[in-house]
Every structure is written in structure tokens, then in C-alpha cells.
Amino acid sequence: MERKSSGERYNRQVVLKQFGEAGQDALLQAKVLVIGAGGLGCPVLQYLTAAGTGSIGIVDDDLVSLSNLPRQVLYDTHDIGKSKTAVAAAKLRLMNPDTQVVEYPIRLDKTNCLDIISGYDIIVDCTDNFASRYLINDACVIKEKPLVYAAVSGFQGQVAVFNVSRKERQWKGNYRDLFPEQPAPGEVMNCAEAGVLGVLPGIIGSIQACEVIKLITGMGGSLVNQLLTYNAIDNQVSVFAYSPNKHRGAIIPRNENDFHQMNYEQECFTGGALFEIDVKTFDVLLLQPDTLFIDVREGHELPLITEFEYARIPLGELKQKWNELSKGTIIFFCQSGTRSLQAATLTAEHFGNTHQCYSLQGGIVSWKKMHEKQLT
Amino acid sequence: METKMNIMVFGQLEDITGSPVVSINRVTDTELMLKSLYDQYPVLEQKQFLVAVDRKIINGKTEIGEQTQVALLPPFSGG
């Protein structure tokens, strides 16, 4: 039987001296787990499949939605409402029958993460939230799995390769050497809140796919113990070197038992639901006198609200402005409801029973959507 | 000697500083630089970010020379 690596399909990469048939053979035998089939996941999945990666696992519990389409280029308008893993897997199988595609239409958590990553050679973090990123990082440290990380925000992206040493027995950096502690919920805006240029995750995901291929085939230098940043606005690419964080030993779970004691899903505030109100309740409260509405988004964020009166206090400035919160009932809102929930929690903690604090669930995006529906 | 120094600011930190490049009075080390930045932008003190000096991410007080490039790198979560 003819070796797949010597056939026509992979000819253009096999003719590369550094890649060759050996590189293709390595790729055809590699097992790669891609976590998140969104903006970063789509280009990673497409290029790894096209290049002839032997086995690819796709983890994502999400459904395709309209606002995904400008950047999640595996999906089209007819796919809205369908499972991302199912749609992605079907398209990838058509793209290259040499690649075995395994679907995991689930959310990774402490109970399933270690088992799933055990079956793969390289893990690719294409997720969109810190809870998943720290979960995956720690699981990969414990299982000693190479982790190719990327993240985007606005016009910028970051890429790094973790748990791989430059030389044998040298130290292996991971995400906690860069950012030891998981940021507080709402501290950093996600794509829904901060926005992202559609093509940006395409660029960053392609760099990520290239790092995976280099790791598998042993070509070139990987982003080991380095953080690459890219800025689409001025085309600046920078590579920063980092060293082991002094506290890494104390923060990273040392074994599977420690791992199961971690609290990654701190995004869910204890009692958070107590503070959340839906759009209908929000509208009822708009008619109540003595109710203070506060937009905790940054000054430049759109859409601007003109339909009702409110104050603007960006979340980061809230603690300096307690004296502006004089009224008994305060309704916080932001873009998607994450930062406003944190604002409501902080304010309730600060004032105790003297202030009733609420957060608009789903943010101003949900509010606008509901009112647009009513107009049409 | 230049009296001002420039600091490159990445990601959402730009929302706080209002610009990707921040200019402060020249200082001789990163601790003095952070103090000056926090005076100018108090919200920055609540944010997590890395400090890079000449493309090396630093873990403690580091000297800043006249030609030194300094950058502040926050974590990104988007994907």
C-alpha cells in the first residue's frame, strides 16, 4: 500500500525539506484535542484537518448563532441553532477523510477534563473564558500535556506553548507563570463585551495551528517559555520571554486530588441569582421613582442608551464613587450582564441592607433585543 | 537625558489610559514607574497585567535605562 505521506494530497508540504515524509507521517499519527470550536477553534480545526492530522477531538457544548458567523468560518447561515461540534465534524470529514474526527458536545469541567485530555498528544486552548483556560492549564500540567494557548481581545491576540521545555530537563512554562491567579469575574471583558474583529481570531488561530504542526513535526522553534502578541491595528508582532513564577508551586494543583478541590467556576457568584433581574422586571422598575440606574460599561462602549435616564460609572471606578450611590434601589447594567452582576455584588457588600442592588440579566444587549422585537 | 519615557499598553488597559502609548516622567526602575502610573490612572492598580522590560517579562523591581522598552500586558480571555 502506498504511504499516505508520499501521495499527491500532501505533496506541497512534503516537498519542504524541514517537513518531508517524516513530518507528514508524524502528523498522520498525531492526536490533537481542540477545546472550543469558535473564532480560534475554526481555523485551528480547518488547518489541522487539511494538513492531515491523524485524529482530532473537538470539544464545545455551544450551538451556532448568528453573531458567531463573521469570525467562526466553519459555519454558515443554515447552521444557526445546530451543535457546533456536529457541524464542524461533518465539514472536516468532507475536507479530509484521512483525519478521524471525534466529537465532544460537552463543556469541559473538573469531572471530565483529565480523562479526555489523556487520550491526546497535544491540547489546543481555543476557549473564550478564564474558568476554562485555568482548568485546561492545570489539567495539562498534571497530565504533562503540551498545551498550545491563544486568546484574543479587540484587535489583539496572544499565543504561547506551555508544558514543553526548550532543552531536555529544562523548566516548562505554563499560563500560571504569566498570570498566576484567575482574574475576578468581570475584571476582563470577553468578546461579547469588548468586541473582536472577525478576521483577528483567524490570524491568531492560524499561528496556533502552525505551532501545533511545528510541535508535532519538530520543525523550527516553538513559542516555548515565550508569549507572542499580535496587534492588527499597527501590525506589531512581539515575542516576550518569561521565567518561572515564584509562586507557581503554591498555586497549581499538584495532583488529581488537588485538582478536584479547585474552584474554577468562580464566575457563578454565590447568591448571584439574588441580584439578577430580567428585562421585564427592569422595565417595571424604570417606571418606579427613586430608582437609580447605572451603566457600568466604559465610556466609549456602544450602544449608547437614550431611552431612559441613568448614570455612568465604569466598573473599575465604582469603589471610588460610593458617595454617588445615595438611593435605596440601584439597578446596574452593562453589555451582557457580567460586569453589572459584579457591580451589584460589590455594592450590596459595601452598603449591606441600606441599598437594594440588582443587575440586568443578559445586559443591554438583551434589553435592546426585546424592545426591537416589540417594535417589529 | 530625556525627561519623559513611553510605556506601551496592550489590550483593555488602553481603555484606562486612553492611548496605546503612555508618557510619564522618566524614572529609574519599574517600581517607581508603577507608582507613577497608579497616581496617573488609579483604576490601573486593580488590574492584573505583566510588565515587560526589553521584551522580557519581569517578576520584580527592574532597572529602566534611557533606551529601555517597557510594555504592560493584560490577560485576554476571548476566543
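Does A:Ile123 meet the test of being more than 9 Å from chain B (Cβ to nearest Cβ), outside any strand (DSSP E or B) and β-branched (Val, Ile, Thr)?
So A:Ile123 fails the test.
For A:Ser83, indicate whether it is at pLDDT 95 or above and assigned by TED's automatic domain parsing to the domain that holds A:Val212.
Against the criterion (at pLDDT 95 or above and assigned by TED's automatic domain parsing to the domain that holds A:Val212), A:Ser83 qualifies.
If you go through the stretch A:23-34 one residue at a time, do you hit one that is surrounded by fewer than 18 Cβ atoms within 10 Å (Cβ to Cβ), acidic (Asp, Glu) and out of contact with any Lys or Arg (no Cβ under 6 Å at 6 or more places or on another chain)?
no
Any residue at all in the stretch A:63-73 that's within 22 Å of A:Lys145 (Cα to Cα) and assigned to a loop (DSSP other than H, G, I, E, B)? Let's see the steps before the verdict.
We begin by selecting, within the stretch A:63-73, every residue within 22 Å of A:Lys145 (Cα to Cα); these are none.
Within the stretch A:63-73, none of the residues are within 22 Å of A:Lys145 (Cα to Cα) and assigned to a loop (DSSP other than H, G, I, E, B).
Going by the conditions given, is A:Glu211 acidic (Asp, Glu) and within 13 Å of chain B (Cβ to nearest Cβ)?
no
Could you tell me whether the stretch A:216-224 includes any residue that is surrounded by 15 or more Cβ atoms within 10 Å (Cβ to Cβ), more than 27 Å from B:Ile58 (Cα to Cα), at pLDDT below 95 and more than 23 Å from the chain's Cα centre (by Cα)?
Looking through the stretch A:216-224, at least one residue is surrounded by 15 or more Cβ atoms within 10 Å (Cβ to Cβ), more than 27 Å from B:Ile58 (Cα to Cα), at pLDDT below 95 and more than 23 Å from the chain's Cα centre (by Cα).
Of everything in the stretch A:186-199, what is in a loop (DSSP other than H, G, I, E, B), more than 9 Å from every other protein chain (Cβ to nearest Cβ) and buried (at least 20 other Cβ atoms within 10 Å of the Cβ)? Give them in sequence order.
Matches in the stretch A:186-199: A:Gly186 only.
Starting from residues that are surrounded by fewer than 15 Cβ atoms within 10 Å (Cβ to Cβ) and either in contact (Cβ under 8 Å) with a residue 24 or more places away in the chain or of a type in the set (Asp, Glu) (or both), keep the ones in the stretch A:236-250 and report whichever is farthest from the other protein chains (Cβ to nearest Cβ).
A:His247
Which residues, counting only those in the stretch A:149-185, are β-branched (Val, Ile, Thr), buried (at least 23 other Cβ atoms within 10 Å of the Cβ) and more than 11 Å from every other protein chain (Cβ to nearest Cβ)?
Residues of the stretch A:149-185 β-branched (Val, Ile, Thr): A:152, A:159, A:161, A:164.
Restricting the remaining residues to those that are buried (at least 23 other Cβ atoms within 10 Å of the Cβ) gives A:152, A:159, A:161.
Of everything in the stretch A:149-185, just one residue is β-branched (Val, Ile, Thr), buried (at least 23 other Cβ atoms within 10 Å of the Cβ) and more than 11 Å from every other protein chain (Cβ to nearest Cβ), namely A:Val161.
Which condition from (1) over 18 Å from the mean Cα position of the chain (by Cα); (2) touching a residue at least 12 places away in the same chain (Cβ under 8 Å); (3) in a helix (DSSP H, G or I) is the one that A:Arg9 breaks?
For A:Arg9, the exception is condition (3).
What number goes with the only condition from (1) farther than 21 Å from A:Val212 by Cβ; (2) within 16 Å of the chain's Cα centre (by Cα); (3) assigned to a helix (DSSP H, G or I); (4) not small (Gly, Ala, Ser) that A:Leu94 does not pass?
Against the list (1) farther than 21 Å from A:Val212 by Cβ; (2) within 16 Å of the chain's Cα centre (by Cα); (3) assigned to a helix (DSSP H, G or I); (4) not small (Gly, Ala, Ser), A:Leu94 comes up short only on (2).
Run down A:Phe332, A:Phe351 and say which single residue is surrounded by 22 or more Cβ atoms within 10 Å (Cβ to Cβ) and at negative phi.
Step by step, each of A:Phe332, A:Phe351 is checked, and only A:Phe332 is surrounded by 22 or more Cβ atoms within 10 Å (Cβ to Cβ) and at negative phi.
Assess whether B:Ile64 counts as being within 14 Å of chain A (Cβ to nearest Cβ) and either in contact with a Gly (Cβ under 7 Å, 6 or more places away or on another chain) or of a type outside the set (Ser, Thr, Tyr) (or both).
For B:Ile64, the condition - within 14 Å of chain A (Cβ to nearest Cβ) and either in contact with a Gly (Cβ under 7 Å, 6 or more places away or on another chain) or of a type outside the set (Ser, Thr, Tyr) (or both) - is not met.
Out of the residues in the stretch A:126-146 meeting the condition of being within 14 Å of another protein chain (Cβ to nearest Cβ) and not in a loop (DSSP other than H, G, I, E, B), tell me which one is surrounded by the most Cβ atoms within 10 Å (Cβ to Cβ). Please lay out each step first, then the result.
First, pick out the residues of the stretch A:126-146 that are within 14 Å of another protein chain (Cβ to nearest Cβ): A:126-137.
Subsequent filtering for residues that are not in a loop (DSSP other than H, G, I, E, B) retains A:130-137.
Numbers: A:Phe130: 25, A:Ala131: 20, A:Ser132: 23, A:Arg133: 26, A:Tyr134: 22, A:Leu135: 23, A:Ile136: 28, A:Asn137: 25.
Taking the candidates together, the pick is A:Ile136.
Of the residues A:Gly363, A:Gly299, A:Gly316, A:Gly328, which single one is assigned by TED's automatic domain parsing to the domain that holds A:Lys280, more than 25 Å from B:Gln12 (Cβ to Cβ) and small (Gly, Ala, Ser)?
A:Gly328
Are any of the residues in the stretch B:27-43 within 19 Å of A:Leu178 (Cβ to Cβ) and within 9 Å of chain A (Cβ to nearest Cβ)?
Within the stretch B:27-43, none of the residues are within 19 Å of A:Leu178 (Cβ to Cβ) and within 9 Å of chain A (Cβ to nearest Cβ).
Inspect all residues belonging to the stretch A:123-133 and state whether any of them is free of Cβ contacts under 8 Å to residues at least 40 places away in the same chain and either on the phi < 0 side of the Ramachandran plot or over 20 Å from the mean Cα position of the chain (by Cα) (or both).
Checked the stretch A:123-133: no residue is free of Cβ contacts under 8 Å to residues at least 40 places away in the same chain and either on the phi < 0 side of the Ramachandran plot or over 20 Å from the mean Cα position of the chain (by Cα) (or both).
The values are calculated or read from the model by the stated rules, or taken from the named source; none is laboratory data. Predicted, not measured: the structure shown is a model, and the values here were computed from it. Backbone-built Cβ (ideal geometry, glycine too); neighbour counts: all protein chains shown.
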